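K.L.:
Attaching a single structure in structure tokens format; questions to follow.
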Amino acid sequence: MGRFREILLNTGDLDWVDKTLAGLSQKMLWRNDETGASIALVRFKKGAGIPSRHSHASNQFMFCLQGRYTYVPTGLTLTSGSLYWNPKGSLHGPTLAEEDTVLLEIYDGPHYPTQPDWYDSAADAR
């Protein structure tokens with residue numbers, strides 16, 4: 001039988017790290033550098049959002065912990081307790097945080113096929 005290691009993170013002990021998109025920060029909880037899969041807490045300040053339509057190179061899942069986060073073209077709005085699944089390659093956005101919003105965001109592979117133009121840093125697109 002193999003050996004397993006359990007890991008417990010207290011997210012309150014982690015600092016929010018600002019991204020180059022104004023009003024967006026995150027706490028990276030887990031990342032697989034080989035596959036690009038990740039789990040992070042993502043925080044949008046009220047009025048912030050992703051500015052343009054885009055797609056992802058893997059499936060994206062977001063669970064809203066607090067706030068209101070809206071996909072502007074469709075009006076689809078995440079509120080506390082809602083789960084959003086965006087299938088790989090599906091175009092979506094732009095988005096807008098109608099309130100300060102915190103999401104648990106999970107990718108099962110790499111985030112973007114290419115670096116989006118709203119990020120000044122390639123690290124922000126990971």
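The values are calculated or read from the model by the stated rules, or taken from the named source; none is laboratory data. Quick caveat, the model's predicted, so the values are computed rather than measured. Please note: Cβ atoms are built from the backbone with ideal geometry, for glycine as well, and neighbour counts cover all protein chains shown.
K.L.:
Do the conditions hold for L91, that is, is it under 13 Å from the mean Cα position of the chain (by Cα) and not acidic (D, E)? Explain how you work it out, then say what you get.
P.N.:
Details: under 13 Å from the mean Cα position of the chain (by Cα): no; not acidic (D, E): yes.
Answer is no for this residue.
K.L.:
Residues to consider are T35, T70; find the one that is among the hydroxyl-bearing types (S, T, Y) and farther than 23 Å from P110 by Cβ.
P.N.:
Working: T35 fails: farther than 23 Å from P110 by Cβ.
After ruling out the rest, the residue left standing is T70.
K.L.:
Now for a different question. Go through (1) more than 19 Å from L29 (Cβ to Cβ); (2) among the charged types (D, E, K, R); (3) part of a strand (DSSP E or B) and name the single condition D120 misses.
P.N.:
(3)
K.L.:
What number of residues within the stretch 97-113 satisfy the criterion of being part of a loop (DSSP other than H, G, I, E, B) and either in contact with a helix residue (DSSP H, G or I) (Cβ under 8 Å, 6 or more places away or on another chain) or closer than 13 Å to A48 by Cα (or both)? Lay out the reasoning, then the answer.
P.N.:
From the stretch 97-113, those part of a loop (DSSP other than H, G, I, E, B) are 98-100, 108-113; that's our starting set.
The next check asks that each one be either in contact with a helix residue (DSSP H, G or I) (Cβ under 8 Å, 6 or more places away or on another chain) or closer than 13 Å to A48 by Cα (or both); those that pass are 98-100, 111-112.
The number of residues fulfilling the criteria is 5.
K.L.:
In the stretch 47-66, which residue that is over 19 Å from D120 (Cβ atoms) and among the polar types (S, T, N, Q) is modelled with the lowest pLDDT? Explain how you work it out, then say what you get.
P.N.:
Step one: list which residues in the stretch 47-66 are over 19 Å from D120 (Cβ atoms), which gives 47, 53, 55-66.
Narrowing the set further to residues that are among the polar types (S, T, N, Q) leaves 55, 58-60, 66.
On the way: S55: 91, S58: 96, N59: 97, Q60: 97, Q66: 99.
Selected residue: S55.
K.L.:
While we're here: Please count how many residues of the stretch 1-60 are among the charged types (D, E, K, R) and either in contact with a Gly (Cβ under 8 Å, 6 or more places away or on another chain) or assigned to a loop (DSSP other than H, G, I, E, B) (or both).
P.N.:
Kept after step one, since they are among the charged types (D, E, K, R), are these residues of the stretch 1-60: 3, 5-6, 13, 15, 18-19, 27, 31, 33-34, 43, 45-46, 53.
Going one step further and asking which of them are either in contact with a Gly (Cβ under 8 Å, 6 or more places away or on another chain) or assigned to a loop (DSSP other than H, G, I, E, B) (or both), we end up with 3, 5-6, 15, 19, 33-34, 45-46, 53.
The qualifying residues number 10.
K.L.:
Something else: Out of T95, T20, T11, which single residue is in contact with an Asp or Glu (Cβ under 6 Å, 6 or more places away or on another chain) and of a type outside the set (A, V, I, L, M)?
P.N.:
On the way: T95 fails: in contact with an Asp or Glu (Cβ under 6 Å, 6 or more places away or on another chain); T11 fails: in contact with an Asp or Glu (Cβ under 6 Å, 6 or more places away or on another chain).
T20 is the lone residue from the list that is in contact with an Asp or Glu (Cβ under 6 Å, 6 or more places away or on another chain) and of a type outside the set (A, V, I, L, M).
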